[in-house]
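One structure below.
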Amino acid sequence: MSWPYQFLDLSQAEKHARRQSLDKYALYAQLSALIPIGLIWLYQTLNKSSSRKKRDYTAIPSSDPDSFNNRRQSNTWSKLRWWLGEDVVAFGEVLGQRGQWVFGLLWSLWLLVLCIAGTGTDYMHLTKRFGIVAISQYPMQYLLTCKSFNPVSWTLKLSHEETNRWHRVLARVTTFLLSLHTIFYYNYFIQNSILLQKLQSPVVLYGILSFAGLNLMITTALRPLRKLSYRVFFITHLLIALGLPAVLWFHASSSRKYLLQSLGVFLLDIGFRKRDTITVETTISSIPGTSLIKIDVPVPRQRQNQFLGAGPGGHVYVNVPPSTRSSFTKSATDVKEVLFEFMFNPFTIAHVDHSSGTLTLVARQQSGPMTTSLARFATSNPSPSSRVEGKKALLNIEGPYGAARHFPSLSLGTEFDRVLLIAGGVGATFTIPLYRSIISSNPEAKVEMVWAVRTAGEATWAVVESDARDILNDPNVHIYLTGPGAGQGGQEAEAGETEGVSSGVESGEGGAVAIEMRTLGKNGVRSHQRRRPDLKKVVDEVFAHGKEERVAVLVCGPVKMGKQVRRQVGRYVKEGREVWFHNEGFGF
């Protein structure tokens, strides 16, 4: 098939008709994304009362044979969803999930149809169509990055991480279209011998600058580069996202309405995030013998409904305000104050104390500047008492956010026949609040939690007044000590070994760390073992109680742990078991 497009010399009337066609198909492209979401929102609004009575995962009596048939009928869809959730791996790197690739390819094909339809043989019409259709997706692309103001997340019940995945998919699709737009224009310049002339045109220079900025965003967002320097990725992304609409404004006047929408969404989200931020004097402390940092946040009374009533499994963003930054930059090796403007780190809410109105945040010190600065601040005073009690500092606390609000039900113990929670290290800051919530709402719930920690000292933050016995000595909470001396090959330690495990915590230091970790052994080695958990065995035991049981599995930990658990659970999904799975992994 010969190339149909030609360089046409159009009259003013024909150029006007082309402009109308460009605007029309750009509008089609934008509405094709917005209308389905709007219809879903309308359906949910109209059926809000009925949806409260019947959830997606309403518990069905296990003795009802009709319910078994209904469950079997949903197996095909369940298997498809599981298949779409599998990772796509190439050369050892995860390139997203299958669902992202399938949707991304389908959406690319649809937008390509809108780019080509009605262009006839007009080469410049085709070239301009690629650009305007891509820019029409920018408001949605910006919307998918929002944290406080995100109707897409609310409507489709997506967590922030899930929403961010679709943002990356749409970014790649629009970059593909804009690359074709750029290539076609360069071909036009070269074919007509006007390349050097056009490169001196401000409109073309703005286009080149925009495309360069876009590619810089895409490049720094690649997984290996994000791992190398997340701060570079974040700063680059933020600055270009704010400046790109301004540059494109001068490049293509026809795209200005979409750029205004994008900038409006961006600024609106900033406004909502400022509204959801409190600045309070917090207590920052390090947990002796570990690399963990604990932050106690007293929430003002007028904001307690917002921060204390958000449900378990949430997180907040922590930022150091200007008035406090000098306390974190006393030495030459500390972070420069200006960098704190771009440092918003997520911390999981490990505990909510409703009586005192306090949030407890726990995180592990990493190589990044935020956790390093907090850890140095917490240990900078040589006084032993301050090391335990912590040091005071003003911090900005924004949120709360989290995936738990989008679960089928926060009362997982009543929606499923059995619930398994698996945590690695500080991943328990996500699972322990869920465990407590499930037990609180339904004490008879069949729920078990497996928690792997390096040392016994890393479990001390979970000791919260009357809840201490519920976690550290709960027979349904199985704690595994995986640090030096942990058994290999599934060998269990003797009961006496778990009682005296050293955690670098000396008695008499006070507070939570004064809890003698030998209490971990009171319930025997079954619940508290000095070895690594056998995840296959853990999953098999949960699914061994009956093929008709609905099982919810939630995991929060390192990337490898999440993959191992998913692989083991996948065996039962393929067998047709009813499974609801969520991985709150803390990898990129």
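A few notes on this one:
- Proximal charge balance of residue 94 [Cβ under 10 Å; K/R count +1, D/E count -1]: 0
- Distance from segment 537-580 to segment 215-259 (C-alpha centre basis), Å: 39
- Placing a pseudo-label 7 Å from each Cα along the Cα-to-Cβ vector at residue 560 and residue 19 gives an inter-label distance of 6.1 nm.
- At q = 0.27 Å⁻¹, base-10 log of I(q)/I(0) for segment 82-158 (Debye sum, equal scatterers on each alpha carbon): -1.16
- Modelled FRET efficiency - R0 35 Å, residue 11 with residue 39, Cβ distances, 0.05 increments: 0.30
- Each Lys and Arg adds +1 at its Cβ and each Asp and Glu adds -1 at its Cβ; summed about the Cα centre, segment 202-301 shows a dipole of about 140 debye.
- Packing-based order for 314-322, 241-249, 96-104, using average beta carbon neighbours within 10 Å, highest first: 314-322, 241-249, 96-104
- Rolling a 1.4 Å probe over the protein heavy atoms leaves residue 39 with an accessible area of roughly 110 Å².
- Cα-only Debye scattering, segment 223-381: base-10 log of I(q)/I(0) at q = 0.10, 0.14, 0.18 Å⁻¹: -0.48, -0.86, -1.22
- Cα gyration tensor shape of segment 254-337, rounded if a/c is under 1.5, else prolate or oblate by comparing a/b with b/c: oblate
- Listed peptides 283-290, 187-194, 208-215 appear in the order 283-290, 208-215, 187-194 once ranked by packing, highest mean of other Cβ atoms within 10 Å at the front.
- Label-point separation, residue 175 to residue 326 (7 Å along Cα→Cβ), nm: 4.2
- Calculated diffusion of segment 121-278, Stokes-Einstein form, Kirkwood radius summed over Cα pairs, 37 °C and 0.692 mPa s, µm²/s: 195
- Percent breakdown of C-alpha pair distances by 5 Å bin, ordered from the shortest bin, for segment 300-369: 3, 14, 21, 20, 17, 14, 9, 3, 0
- Largest to smallest accessible area among 234, 91 [probe 1.4 Å]: 91, 234
- Each 10 Å bin from zero holds the following percent of Cα-Cα pairs in segment 529-588: 21, 54, 23, 2.
- Net lengthening on full extension, residue 380/residue 77 (0.36 nm per residue, minus Cα-Cα): 103.6 nm
- If the Kirkwood radius is taken over C-alpha pairs of segment 204-279, then at 25 °C and 0.890 mPa s the Stokes-Einstein diffusion coefficient equals 178 µm²/s.
- Residue-level accessible surface for residue 279, protein heavy atoms, 1.4 Å, Å²: 80
- Built amide H within the under 5 Å cut-off of residue 313, gap 5+: 434
- Residue-span extension gain [residue 205 to residue 394] - 0.36 nm each, minus C-alpha spacing: 63.5 nm
- Accessible surface ranking for 574, 536, 1.4 angstrom probe, highest first: 574, 536.
The values are calculated or read from the model by the stated rules, or taken from the named source; none is laboratory data. Small disclaimer: the values here were computed from a predicted structure and weren't measured. Note that we place each Cβ from the backbone using ideal geometry, even for glycine, and neighbour counts take in every protein chain shown. Keep in mind that these areas ignore ligands, DNA and RNA; they rest on the heavy atoms of the full protein, side chains included. Shrake-Rupley method; radii C 1.70, N 1.55, O 1.52, S 1.80 Å.
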